[in-house]
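Read-outs throughout are calculated quantities, based only on the coordinates presented, and are distinct from any laboratory measurement. Everything quoted here is computed from the prediction, not taken from an experiment. Neighbour counts run over all protein chains shown; Cβ positions are idealised from the backbone, glycine included.
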Amino acid sequence: MRKIPQQLIPLAVLFIVLLGVLVVARQLFVPKTFGDLGHYRATAVDEVAAQPAAYAGYRVCLDCHDDIYQRKQLSSHAGLACETCHGAAAAHATGESDQLPTVPRGRDHCQLCHGYNSARPTGFPQILSNMHNPGEACVKCHDSHSPRMAKGNGECSACHQMIANQKAVSSHMSLDCTDCHTVPIDHATQPRVVQALKPNSEETCGKCHARGSSAGAEVARIDMAEHGGRYLCWECHYPHLPEAKL
Amino acid sequence: MNIAMALQSFFTELPSVTGYMYPNEYELHWSVLIVVYPYLTGLVAGAFILASLERVFNVKALQPVYRLSLLTALSFLLIAPLPLLAHLGHPERALEMFLTPHTASAMAMFGFVYAWYLMVVLLLEIWFDYRQHIVRWAKEKKGALKWFYSLLTLGSTDLSEKALAFDNKAGKIITIIGIPSAFLLHGYVGFIFGSVKANPWWSSVLMPIVFLFSAIVSGIALMLLVYMVSSMLRWKTINMPCVNKLAEFLFYAILVDFSLELLDFIQRLYESEESIHILSQMISSRLFISLIISQIILGTIVPLVGLGLARFGRMPDEMRRMIYLMAALLVQVGIFATRWNVVIGGQLFSKSLRGLTTYKLEMFGIEGLMTAIILMVMPFIILFVMTKLLPPWSEGEKDIPVPPKPHATQVGQEA
Amino acid sequence: MNEQHGQKCDFVGMDRRDFLGAVARTVPTWLMVTAIVPELLAAEAGSPDEKYRPEEHRYAMAINIHKCIGCGRCADACKTENNVPREPVFFRTWIERYRVPFEGEAVVDSPNGGIDGFPTEDHDSGTFKAFFVPKLCNHCSNAPCVQVCPVGATFTSQDGVVLVDKDYCVGCRYCIQACPYGARYLHPTEKVADKCTFCYHRITKGQPPACVEVCPTQARVFGEMGEQASPISRFMRFNDVTVLKSWLNTDPRVYYAGADEEVR
């Protein structure tokens with residue numbers, strides 16, 4: 001048998017010791033539940049799940065504030081949870097904290113949803129703050145637990161609610177649908193067969209917006225011949241919310 | 001970007017952003033330390049591959065730098081994990097990478113590649129190579145040094161012809177194992193970046209290979225520098241065949257490296273995927289100085305021309321040495337810029353491909369410039385100590401001849 | 001052939017009766033159901049008293065871009081619920097606004113993640129269309145962050161939620177680099193990776209995630225995959241859904257309806 005070279009013996013010992021240290025360290029330091037469910041510490045899942053919740057959930061609010069909830073559910077705010085406006089209330093619900101949930105009363109809060117923004121879905125009720133009763137608190141006119149759209153054009157808004165919503169907050173709010181649209185009687189019973197007509201000439205807009213029209217002084221006037229060139233009015237302006245730029 | 005904007009971005013809280021970044025991307029997550037890390041490992045791999053040229057491929061001209069390369073590789077390898085460690089949010093948990101390595105993670109393999117390279121390749125090779133000297137020093141030296149060398153022998157004091165032959169053979173086998181290991185060490189660093197499919201600047205199959213060749217470039221340039229400077233400091237003549245060979249290899253390595261980088265660049269430009277707009281915007285604005293000027297012009301083209309002229313042209317040796325030295329320095333700047341462009345560049349653009357952010361290099365923080373500089377100086381200190389303990393110099397080196405009379409007294413005073 | 005034909009007729013006849021009956025039954029039911037989505041959501045996750053069994057669940061979220069009004073309540077609630085640092089560079093969920101001009105690149109912004117709303121002064125008349133896109137961790141089935149974590153500190157739980165073990169994370173940030181969606185950040189004080197957990201502490205107790213709870217327009221739907229009647233299954237059936245960056249094969253569990261090709 002060939003003799004093992006002398007150099008290899010201490011090296012072998014050294015490597016075995018190092019491997020041994022690694023094995024022992026693994027035994028000592030790898031967390032107990034590591035690898036039970038996968039390549040991770042199984043107890044970490046429970047630790048994440050143990051985090052306390054700050055938002056109680058609207059069902060908890062019902063226990064005490066059922067009356068408000070019922071009223072809200074009949075309004076256009078039915079889809080809102082209480083904590084959307086009032087903030088996290090778990091501490092209030094459990095009694096851990098004496099601090100009451102916030103009651104936002106300023107215009108800024110309502111504007112987070114209802115301020116005009118071109119990226120919001122068409123038909124979502126939006127206002128231009130500087131034109132919509134500037135300076136007044138929203139809650140002065142609107143009950144946030146039972147907000148209602150301005151009435152009017154009741155017949156049309158039964159189907160065209162989105163458009164009605166939008167028009168209601170625009171400077172065209174006082175116009176009737178029939179001021180611009182021609183609506184045959186049968187449109188109400190057979191809407192797809194007998195269609196309402198949209199304006200087909202700029203004359204319709206010109207009734208108010210042309211120079212020399214008899215409309216009130218606050219209505220913007222333009223030179224019908226010059227303004228907009230070859231484009232028609234509604235190619236740039238949205239008649240149901242003319243403040244919005246298309 | 002004009003000066004006013006640059007100043008403003010320097011003093012304002014958030015980095016200046018053009019276009020859109022995902023909000024979590026405003027701040028860079030990998031700092032200058034992660035630039036230093038692949039730079040250092042590249043030097044390790046490059047220096048080792050250079051050493052293996054002498055040992056395995058019998059390039060005799062490189063004999064004067066063989067041991068020096070091994071010691072340099074070791075000094076840089078010892079420091080290489082430090083920038084990573086300093087960068088971790090929880091350095092005290094670093095050993096988890098050894099305890100519960102996630103086999104799917106490129107980074108988890110770092111621990112093992114590193115340990116393999118350090119323990120099995122470099123330390124063993126150096127040990128076998130120096131063993132007969134260590135045994136001799138253990139007998140000759142006095143006091144603490146005697147203990148030190150005795151410990152290093154690991155009790156293996158056999159100096160018989162058979163044992164020495166075994167040392168030689170083992171060294172050779174380890175070098176042969178070492179070459180793929182060095183490729184692995186740095187190729188894998190490239191893979192850490194190249195495998196991130198979320199990042200179009202990194203995600204490339206060529207990444208490991210480009211990393212590898214830039215490592216070889218940086219390693220050869222480093223050895224050229226270390227050898228020339230150390231010879232001058234020790235007042236020894238520089239072995240011209242050796243530096244000529246080094247310069248030649250450096251020239252070829254740069255050529256291959258540059259071709260690969262160009263290939264990658266042309267491929268990206270030609271494929272023109274959706275990321276091309278934001279990437280070209282990044283190159284022409286945020287990375288202009290570090291990529292176009294530092295990496296390509298100063299770090300590649302100028303050294304390439306210089307080395308080509310000096311190696312293959314006719315000129316006096318002093319001139320040649322001067323050019324080699326400058327070229328090696330520029331290559332270091334260029335390779336550092338390469339690492340910077342990969343690591344920092346990969347984070348300057350949004351993964352939404354819609355915007356660019358800026359990196360603000362802090363000065364004194366744990367992830368700042370000072371730490372980076374300290375980490376890059378430390379290997380040289382370790383190397384200095386190591387050359388004292390394990391002198392790598394070859395026998396028969398000549399002192400620099402004393403210049404003619406008029407200066408003789410001056411030199412005498414200095415010495 | 002004839003026989004077959006006869007059968008087919010029969011079948012059609014039966015089918016029509018059935019169909020009308022089904023319509024009579026389902027339409028009001030469906031309307032009711034959509035009106036009480038929150039109730040249904042909470043009810044289906046089981047009562048909180050029962051022991052939670054993760055292997056019986058497979059969660060997903062769906063987002064209807066047409067319904068999102070960009071109010072930012074979800075991003076705000078998320079920060080409160082999960083103690084996310086308030087600085088504008090750390091978000092578990094955020095809202096992006098896309099404004100596509102008539103010509104050229106879409107303009108995207110997300111000031112403070114949308115928490116304070118989106119400025120309207122600078123909306124230009126050159127905008128062709130605009131919309132909001134809520135973003136969050138996609139809880140990928142084939143998650144790149146899980147793949148690259150060197151120590152097993154981020155993982156997919158049995159119920160399909162990607163979680164971070166903050167007592168084990170070393171803070172190397174490789175997962176942050178690997179996430180194609182920018183959904184992760186390094187927690188500035190805890191120095192570990194952090195991201196959306198689908199409010200794991202809530203969903204395991206039968207509550208919806210905080211962002212879903214506060215969403216005023218039900219633009220976010222959360223629930224169980226693979227259950228016929230779950231809100232999410234219904235959402236998937238009635239909408240054309242996509243996932244973000246599908247070409248990266250991350251297989252997200254967050255689905256989008258109405259996502260424009262500009263969304264990425």
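The table below gives the values:
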| item | result |
| --- | --- |
| Residues whose placed amide H lies under 5 Å from that of A:Thr182, excluding near-sequence neighbours | A:Leu197 |
| Cα-based shape type of segment A:98-235, given that a ≥ b ≥ c are square roots of the gyration tensor eigenvalues and the cut on a/c is 1.5 | oblate |
| Distance (nanometres) between label positions extended 7 Å along Cα→Cβ at A:Ala225 and A:Phe29 | 8.9 |
| Equivalent-ellipsoid semi-axes of segment A:174-246, from the Cα gyration tensor, Å, largest first | 26, 14, 12 |
| Neighbour-count order for C:Ser230, B:Ser69, B:Ser160, fewest beta carbons within 10 angstrom listed first | B:Ser160, C:Ser230, B:Ser69 |
| Separation in nanometres of the label points that stand 7 Å from Cα toward Cβ, at A:Lys198 and B:Trp393 | 9.3 |
| Estimated vicinal HN-Hα couplings, Hz - segment A:217-225 in sequence order (Karplus 6.51, -1.76, 1.60; Gly, Pro = x) | 5, 6, 7, 5, 10, 9, 7, 4, 6 |
| Relative contact order for chain B, counting Cα pairs under 8 Å that sit 6 or more residues apart, in percent | 28 |
| Cα→Cβ-extended label distance, 7 Å offset, between B:Ala144 and B:Trp235, nm | 2.7 |
| Over segment B:235-359, relative contact order from alpha-carbon pairs under 8 Å, at least 6 apart, % | 30 |
| Chain B: DSSP helices with Cα axial extent of at least 18 Å and average Kyte-Doolittle hydropathy no lower than 0.0 | B:32-55, B:63-79, B:161-194, B:207-233, B:240-271, B:317-343, B:369-389 |
| Amide H contacts of C:Lys129 (H built 1.01 Å from N, under 5 Å, at least 5 apart or other chain) | C:Val100 |
| Difference of contour (0.36 nm per residue) and Cα-Cα distance, A:Gln73 to A:Thr182 | 35.6 nm |
| Descending principal axes extents, the protein assembly as shown, alpha-carbon based, whole Å | 118, 78, 70 |
| FRET efficiency, A:Cys236 to A:Met162 (Cβ-Cβ, R0 22 Å, nearest 0.05) | 0.55 |
| Chain A: relative contact order as a whole-number percent, Cα under 8 Å and 6+ apart | 12 |
| Ratio Rg/Rh [Cα only; Rh per Kirkwood] for chain B | 1.00 |
| Neighbour-count order for B:Val196, A:Val103, fewest beta carbons within 10 angstrom listed first | A:Val103, B:Val196 |
| Potential lengthening between B:Val205 and B:Leu95 on full extension [0.36 nm per residue; Cα-Cα distance subtracted] | 36.6 nm |
| Sequence-distant residues sharing a close amide H with B:Arg354 (under 5 Å, placed H) | B:Tyr20 |
| Mean ellipticity per residue at 222 nm, deg cm²/dmol - from DSSP H runs of n ≥ 4 across chain B, formula -39500 (n - 2.57) | -21500 deg cm²/dmol |
| Rounded to whole Hz, the Karplus (6.51, -1.76, 1.60) HN-Hα couplings of segment A:207-213, x for glycine and proline | 3, 9, 9, 6, 4, x, 6 |
| Cβ neighbours within 10 Å from other chains - mean over C:205-215 | 4 |
| Computed lengthening from B:Ile366 to B:Trp116, 0.36 nm per intervening residue step minus Cα-Cα distance | 87.1 nm |
| Overall Cα dimensions of segment A:1-147, principal axis frame, Å, largest first | 103, 39, 25 |
| Karplus-derived HN-Hα couplings along segment A:189-200 (A = 6.51, B = -1.76, C = 1.60, θ = phi - 60°), whole Hz, x at Gly and Pro | 9, 10, x, 7, 7, 9, 9, 6, 9, 8, x, 10 |
| Using a Förster distance of 22 Å, the FRET efficiency for C:Asp116-A:Thr122 (Cβ separation, nearest 0.05) | 0.40 |
| Sorted by Cβ neighbour density within 10 Å, fewest at the top, the residues B:Tyr270, A:Tyr40, A:Tyr231 | B:Tyr270, A:Tyr231, A:Tyr40 |
